[in-house]
Amino acid sequence: MTAALTLEGVTKRYGDFEAVRDLSFAVSKGSICGFLGPNGAGKTSTLRMILGLQPATSGRIDILGASDGRLVRDRIGFLPEERGLYKKMTPVEAIAFFGALKGLPIAEGKKRAKVMLEQQGLGASQKKKMKELSKGMAQKVQLIASVVHRPEFVILDEPFSGLDPMNQQGLEEMIRGLAADGATVLFSTHVMQHAERLCDKVVLLARGRKAFEGSVDEARSTSPRFLDLEGDITAEAAAALPGVANVETLADGRLKVALLPGAAGQETLKAAFLGGLDVRRFALKEPTLHDAFIGLTGDHPDQPAIREIAQ
C-alpha cells in the first residue's frame, strides 16, 4: 500500500540534547496510526518536523509526496496539543476562519461547519460564544476546525487530553469517520487504550527512539499471557511456581503473574493448588497494548520521562 508519510533516519537535536534519534517509519494512505510513548519521548518534536514547523537535524521526511509539510499544508489538518480558539467567536465563525486559512471560502466553511456541528451533537451551540462552551465541546469544535477543509492527512497531538470518557468516545468516533472518508490519521497519545481501539498500526517511541512498529496484535504478541490471581498468596510464592516469568503486585493486592513464552497457565495453577496456596479467584488474560509498551520500552506511558524541549 502506498505510504502517505515516510520518515527515514530522522534525528532532532536541541544543542546537546537529542530529542529524536534515527527514527524511521511509514504510514499507509487511509490508515489510522497511533504514535505512542510517554510524555517527553519525542512525539511532539517529531510531529513538528513532519509539519515543517521545525527542521530535522538529519534524515528524510516525505509527506504526501513533499519533503516539507509546509509545501502541502492545505492538504493537512493539524490539532495541536496546545488548544486555542478565539473566545468571542461562535463555533461556526471559528471553524470557517480556520478553514479559510487553508483556502476554503468563508461561505463554504460556514456551511460545512453547521453540518459538522450537527453531526457531533453541537447544533444547539452554534450561536454561542466559544467561551461559553465546555472543554469537551470546545475540543470537538477545534477538531472540526482542523478538518473542515477535508484534508488528506490529519495529525492529532494528544487529542484525548483532559476529556471525560463520554467526550473521549465521541472523539474516537470522529477519528474513525475521518478514516472512513479516506483521510490518513496520525495521532500521538500516551493512553494505550485509545490506540488499541482505533489503530491499524502503532509506532512506539521511547527516549526518542523507535521501540516498535506494527499492528496492535503484533505489539501485544511481544508480551506474555498472564494470570490474574486473588487470594492470600505472596508474590514470592507465586514467582516460584512453574511457567512464571515475573510477578507484579497490583494496587488492590491482586497479583499479575506473567507467564513464560509457551506456558499455558494450567500447570501453573495446578502447582498452586497442589502446593496449598490460597487462590480464591483467578483469570487467564491476554496482554494489552499497555503491557506490550512496558515490555518493549521499560516505561509506563502515563509517567513523566525525559523533558521534551520545544522550540
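The values are calculated or read from the model by the stated rules, or taken from the named source; none is laboratory data. Please read these numbers as outputs of a predicted model, since none were measured by experiment. Every residue, glycine as well, gets a Cβ built from its backbone with ideal geometry; the counts of neighbours run over all protein chains shown.
Against the conditions (1) in contact with a Gly (Cβ under 6 Å, 6 or more places away or on another chain); (2) free of Cβ contacts under 8 Å to residues at least 12 places away in the same chain, residue 199 satisfies every one except (2). Out of all the residues in the stretch 136-157, is one or more over 16 Å from residue 95 (Cα atoms), in contact with a Phe, Trp or Tyr (Cβ under 7 Å, 6 or more places away or on another chain) and either in the same structural domain as residue 71 (by TED's automatic domain parsing) or free of Cβ contacts under 8 Å to residues at least 40 places away in the same chain (or both)? There is at least one residue in the stretch 136-157 that is over 16 Å from residue 95 (Cα atoms), in contact with a Phe, Trp or Tyr (Cβ under 7 Å, 6 or more places away or on another chain) and either in the same structural domain as residue 71 (by TED's automatic domain parsing) or free of Cβ contacts under 8 Å to residues at least 40 places away in the same chain (or both). Restricting attention to the stretch 66-93, the residues that are surrounded by fewer than 18 Cβ atoms within 10 Å (Cβ to Cβ) and of a type in the set (S, T, N, Q) add up to 1. When restricted to residues that are among the hydrophobic types (A, V, I, L, M, F, W, C) and either at pLDDT 90 or above or under 16 Å from residue 220 (Cβ atoms) (or both), the stretch 259-271 contains 3.
Among the residues of the stretch 161-190, those that are surrounded by fewer than 20 Cβ atoms within 10 Å (Cβ to Cβ) and either basic (Lys, Arg) or in a loop (DSSP other than H, G, I, E, B) (or both) comprise 161, 162, 163, 164, 176, 181, 182. Does residue 96 satisfy being among the small types (Gly, Ala, Ser) and either crowded, with 16+ Cβ neighbours inside 10 Å or outside the structural domain of residue 32 (by TED's automatic domain parsing) (or both)? Judged against the criteria, residue 96 is a match. Please specify each residue of the stretch 2-38 satisfying the condition of being in contact (Cβ under 8 Å) with a residue 60 or more places away in the chain, assigned to a loop (DSSP other than H, G, I, E, B) and farther than 17 Å from residue 215 by Cα. Listed by number, the list holds a single entry, 38. All conditions in (1) of a type outside the set (Phe, Trp, Tyr); (2) surrounded by fewer than 21 Cβ atoms within 10 Å (Cβ to Cβ); (3) assigned by TED's automatic domain parsing to the domain that holds residue 75 hold for residue 249, with the sole exception of (3).
For the stretch 44-98, a tally of residues being free of Cβ contacts under 8 Å to residues at least 40 places away in the same chain and among the polar types (S, T, N, Q) returns 1. Scanning the stretch 11-35 for residues that are surrounded by 22 or more Cβ atoms within 10 Å (Cβ to Cβ) and over 18 Å from the mean Cα position of the chain (by Cα), we see that the one that is nearest to residue 153 (Cα to Cα) is 12.
Conditions tested, residue by residue: (1) modelled with pLDDT of 90 or more; (2) assigned to a loop (DSSP other than H, G, I, E, B); (3) within 26 Å of residue 197 (Cα to Cα).
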site: 217; (1), (2), (3): yes, no, yes
site: 223; (1), (2), (3): no, yes, yes
site: 238; (1), (2), (3): yes, no, no
site: 251; (1), (2), (3): no, yes, yes
